[in-house]
1. Suppose each label sits 7 Å from its Cα in the direction of the beta carbon; what would the Thr96-Ala15 distance come out to in nanometres?
2. Working with all protein chains in place, sort Arg56, Arg77 by solvent-accessible area computed with a 1.4 Å probe, largest first.
3. In debye to the nearest 20, how big a dipole does segment 4-95 give about its Cα centre with +1 on each Lys and Arg Cβ and -1 on each Asp and Glu Cβ?
4. Please sort 88-94, 70-76 by packing, taking for each peptide the average over its residues of neighbouring beta carbons within 10 angstrom, highest first.
Amino acid sequence: MLAQPIGHSQISSQAFCAAELRSERVRIFGVLAFLAAVFVALTVRVFLLHTTVLSRHVAWNFGLAAALGLYEYAMLRLVNRALDTNREFPRFLWLTSTVLETAVPAIGVAWLTTTDFASAYRP
């Protein structure tokens, strides 16, 4: 028996596709919850505790969290629409989402190498 690449399922069941989409929806809720926590933590640090100055770097963090949140919300709407209409979700969008979500932490780590931080706090 030949091995199939990951993501090329031979299962063509409507129930399996619906379970995949429900699982994706739960994952999206998790990502949105994480982004909400990041956004709240940044807001508290900048505007309530004043432990961080609202700089260009912090504004980029807010912007990145907001952009990723909007993208995830759009993906959630598409997943919900696919569930409601019993259609298959495009694999291209799943691939794009996976690449984006794995790239964001790497971009975040690269962003921390800026000279705005003391050398003790850089990666």
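1. So the label points at Thr96 and Ala15 sit 3.2 nm apart.
2. On the way: Arg56 170, Arg77 135 Å².
Ranked from most to least accessible, the order is Arg56, Arg77.
3. Working: 9 positive and 5 negative charges, 30 e Å.
In total the dipole reaches around 140 debye.
4. Working: 88-94: 12.6, 70-76: 16.3.
Going from most to least packed, we get 70-76, 88-94.
The values are calculated or read from the model by the stated rules, or taken from the named source; none is laboratory data. The shown structure was predicted, so the numbers you read here are calculated from the model rather than taken from an experiment. We place every Cβ from the backbone using ideal geometry, glycine too, and count neighbours over all the protein chains shown. For the accessible areas, the whole protein counts, side chains as well, though only heavy atoms, and no ligand, DNA or RNA atoms are used. Shrake-Rupley method; radii C 1.70, N 1.55, O 1.52, S 1.80 Å.
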